[in-house]
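Have a look at the structure below, then the notes.
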Amino acid sequence: MTDGGRHIAVIGAGIIGATTALALVRVGRRVTILDPGQPGGVQAASYGNGAFLSPASIIPVSLPGLWKKVPGFLLDSNGPLTIRLASLPRLAPWLWRFVRAGETWARVERTAAALATLLDGAQDRHAALATSIGQPELIKRKGLIYAYHDRRSFEADSTVWSLRQRHGVRLDILSVDALQERAPGLSSTYRFGVFLPDGAHCHSPGDYVRALVDGAVVEGAELLQGRATGFDVRQGRLVGLLTDAGRLDCDGAVIACGAHSADLACQVGDPIPLESERGYHVEVKTDVAMPEIPVMPQDGKMANTPTQGGFRASGQVELASRDASPDWRRADILLRALKVTWPALAVPGAIQSVERWQGNRPSTPDGRPVIGRSRACADVVHAFGHGHIGLVSAPRTAEAVADLLAGRSGDLDLSPFSPARFRR
Ligand SMILES: Cc1cc2nc3c(=O)[nH]c(=O)nc-3n(C[C@H](O)[C@H](O)[C@H](O)COP(=O)(O)OP(=O)(O)OC[C@H]3O[C@@H](n4cnc5c(N)ncnc54)[C@H](O)[C@@H]3O)c2cc1C
């Protein structure tokens, strides 16, 4: 039921828009969700991600020493991170800020502390959300495994693991036997594991987004097919949203269109350095028994996740233009890694079919999303730039946006996520 008060347009029906729309209808707002595509469809990062709901995801990608690896990223097209040479001139300013953001451990610590607040209780929040829309089975609380070849390679990551532990991430060390027991079929070259008992995963990210949007509609939201193109702001107040399907009267808006958010944000006074960290997945259908707990093999930097559609390997960071055509060789790297990691999949005939997907992580250089009121119009709120953590951090983002639009301060400190950090 709406309070007959503010009418909020939620721009984008990915996981951020879907959870935000639901949070807003639940506090009595009139809500219209706008997306040119199907909610949870293949166009969205929210469809194809690794489905990890990991409390460990508080570490940004940019870490001290990264700059030394950049030449390798340009030359090695088989690694987990690559930069398309042709995009380098356009990407350079973003890359510079990206490298700077992780230049010292003090900076990484600040980002980790901020992300820890955003991820706090994420698994409980997702479980409650899924239950509230009648789909509890979409969130699986079986924990998560990070697999290493040996203790030495784990110890090479010890700085980030102790940072995680300082922020309350609970972990159990797995011996080789315990690792095999929890992840049967994992290559025997992995002899050391970290188990996160509080970790969870989504069984079908696309279906989850669709179900959240359906839930919002059942509770009173309206879903419109269309693309937002601009804002009608008069004397500093929002009076309408301009779309390719016509004008929509509204007095509040949330920019939640992932990697496509920068143009709209710029129109309301916030030029945000937002790039696409392009990612890929392969999802295989197989009769081979795969583990029920997702595994992240640390050498391949990919998430291996049992999903409704099959066993999914997702990962790769490809820095290139958002709209460039996919380079399916990157998906093939994932497929090859999958067969090495799970040798039974390498047996001829073990894989019946493979789905390949490419999508855009909406990424800021400092690894923190942009959540806050826009500079030119307080009625327009930013909720984008979630990079590698948009799925896990969506419910808390949505609550924060609902608080902002209700004029409440909320319990999340939004200063680390403020758009003002990019203002000169
Ligand atoms: C390979 C890969 C693996 C990942 N793994 C994980 C993981 O394991 N865990 C995790 O937490 N995160 C993960 N992520 C990150 C996560 O998927 C994203 O951060 C998240 O999906 C972003 O959600 P979003 O709603 O902001 O954007 P999107 O999901 O991209 O949705 C944006 C929506 O906006 C719509 N849109 C675009 N322009 C307009 C417009 N002008 N008007 C209206 N609508 C518009 C689009 O059609 C789209 O539906 C991964 C990402 C990738 C690519």
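The values are calculated or read from the model by the stated rules, or taken from the named source; none is laboratory data. From a predicted model like this one, the values you see are computed outputs, not experimental measurements. Here the Cβ is made from the backbone with ideal geometry for all residues, glycine too, and neighbour counts use every protein chain on show. Note: accessible area is taken over every heavy atom of the protein model, side chains too, but ligands, DNA and RNA are not part of it. Shrake-Rupley method; radii C 1.70, N 1.55, O 1.52, S 1.80 Å.
Descriptive notes on the structure:
- Conditions (1) over 21 Å from Val288 (Cα atoms); (2) free of Cβ contacts under 8 Å to residues at least 24 places away in the same chain: number failed by Ala346: (1)
- Selection of the range 74-85 for residues being more than 15 Å from Gly279 (Cα to Cα) and either outside any helix (DSSP H, G or I) or open to solvent by less than 100 Å² (accessible area, probe 1.4 Å) (or both) yields Leu74, Asp76.
- The residues listed here are Ala265, Ala331, Ala253; of these, the one that is touching a residue at least 40 places away in the same chain (Cβ under 8 Å), under 30 Å from Val25 (Cα atoms) and in a helix (DSSP H, G or I) is Ala265.
- Selection from the range 10-60 of residues that are more than 30 Å from Leu171 (Cα to Cα), among the small types (Gly, Ala, Ser) and more than 9 Å from the ligand (Cβ to nearest atom): Ala21, Ala23, Gly28
- Checked against (1) surrounded by fewer than 21 Cβ atoms within 10 Å (Cβ to Cβ); (2) part of a loop (DSSP other than H, G, I, E, B); (3) within 15 Å of the ligand (Cβ to nearest atom), Gly367 passes all but condition (1).
- Conditions (1) within 14 Å of the ligand (Cβ to nearest atom); (2) open to solvent by 30 Å² or more (accessible area, probe 1.4 Å); number of the one not met by Arg234: (1)
- Leu115 in contact with a strand residue (DSSP E or B) (Cβ under 9 Å, 6 or more places away or on another chain), of a type in the set (A, V, I, L, M, F, W, C) and under 21 Å from Asn360 (Cα atoms): no
- Count of the range 314-353 residues which are farther than 23 Å from Tyr190 by Cβ, open to solvent by 20 Å² or more (accessible area, probe 1.4 Å) and under 24 Å from the mean Cα position of the chain (by Cα): 9
- Residue in the range 145-154 that is modelled with pLDDT of 95 or more, part of a loop (DSSP other than H, G, I, E, B), surrounded by 12 or more Cβ atoms within 10 Å (Cβ to Cβ) and in contact with a Ser or Thr (Cβ under 7 Å, 6 or more places away or on another chain) present: yes
- Any hit, the range 283-302, residues being modelled with pLDDT under 95 and among the acidic types (Asp, Glu): yes
- Selected residue (criterion: surrounded by the most Cβ atoms within 10 Å (Cβ to Cβ)) from residues of the range 370-405 that are out of contact with any Asp or Glu (no Cβ under 7 Å at 6 or more places or on another chain) and of a type in the set (Asp, Glu): Glu399
- Looking only at residues in the range 276-299 that are more than 13 Å from the ligand (Cβ to nearest atom) and not hydrophobic (A, V, I, L, M, F, W, C), the one that is farthest from the chain's Cα centre (by Cα) is Asp287.
- Criterion violated by Ala211 - all others in (1) away from the ligand (no atom under 13 Å from the Cβ); (2) modelled with pLDDT under 95; (3) aliphatic (A, V, I, L, M) satisfied: (2)
- Condition broken by Ala262, with the remaining ones in (1) out of contact with any strand residue (DSSP E or B) (no Cβ under 6 Å at 6 or more places or on another chain); (2) surrounded by fewer than 16 Cβ atoms within 10 Å (Cβ to Cβ) satisfied: (2)
- Taking the range 1-54 as the range and being polar (S, T, N, Q), open to solvent by 10 Å² or more (accessible area, probe 1.4 Å) and either more than 22 Å from Leu238 (Cα to Cα) or in a strand (DSSP E or B) (or both) as the test, the residues that pass are Gln38, Gln43, Ser46, Asn49.
- So Leu404, is it of a type outside the set (Phe, Trp, Tyr) and either modelled with pLDDT under 95 or under 20 Å from the mean Cα position of the chain (by Cα) (or both): no
- Being touching a residue at least 24 places away in the same chain (Cβ under 8 Å), in contact with a strand residue (DSSP E or B) (Cβ under 9 Å, 6 or more places away or on another chain) and either of a type in the set (A, V, I, L, M, F, W, C) or more than 30 Å from Thr20 (Cβ to Cβ) (or both) is true of Leu138.
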